[in-house]
Amino acid sequence: MNLSEAAQLIRSTARRMDAACRETVFDEFGIVERAGDRHSLCWYSGSRRQAYIRAFGNETEMLRQESLSRYFNRYEIGDFEFVQDGSGPQTEAFVVVGDELYLLCTNTLKSMSEIANNPRWIEAQAAFIEMSERFQNDPLEINSDTPRQEIPM
């Protein structure tokens, strides 16, 4: 899958999740490439791109700690993780979408536990899982001329 196809899949999944929950589930998305200790933003959808980049280390801390505590940090393409207790712009979820490529999902107003309290959350999860399976079957590939913005950690 190329970046344009991935963006379309992410947006359509977000619409399906929002429709299922009858409210916004995630309002910010970023595809981040990890190369050793360096991180680069390859794609972003949301209303605060520069703030997202500046605060990336802090806003992903809980999710990174959660992912490091499980499965010996061995995630495969299509795997995902959630953190329940983040609030505000704390990133709630990621999906491994390609080789060293991660989709980060954020609700800038609610925590994952607040989102999960919606009785329609189960239905929204189906769309999220379908998206992760699509990435598993057709991983995102970023070519060398794709613009990237380095993210300070």
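Rule-based calculations on the coordinates, nothing more; no lab input. Model, not experiment: these values are computed from the prediction. When we count neighbours, we look across all protein chains shown, and the Cβ atoms used for this are built from the backbone with ideal geometry, even at glycine.
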Item to check | Cβ charges +1 (Lys, Arg) and -1 (Asp, Glu), total dipole of the chain, debye | outcome: 360
Checklist outcome for this item: Rounded to the nearest 500, the 222 nm mean residue ellipticity computed for the chain from DSSP H runs (n ≥ 4, each -39500 (n - 2.57)) alone is -11500 deg cm²/dmol
Checklist entry - Tally Lys and Arg at +1 and Asp and Glu at -1 over the other residues with C-beta under 11 Å from the C-beta of residue 150: what net charge comes out? => result +1
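Explain nothing, just the number: dipole magnitude of region 1-64 about its Cα centre with +1 on each Lys and Arg Cβ and -1 on each Asp and Glu Cβ, in debye rounded to the nearest 20.
Values: 10 positive and 9 negative charges, 19 e Å.
Rounded to the nearest 20 debye, it is 100 debye.
If you take the beta carbon distance between residue 50 and residue 24 as r and set R0 to 22 Å, what does 1/(1 + (r/R0)^6) give as a FRET efficiency, to the nearest 0.05?
For R0 = 22 Å, the calculated efficiency reads 0.55.
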Item to check | Most positive-pole-ward Cα, 9, 124, 19, against dipole of the chain from beta carbon charges | outcome: 19
Checklist entry - Over all pairs of distinct alpha carbons, what does the Kirkwood formula give as the hydrodynamic radius of region 3-151, in Å? => result 15.4
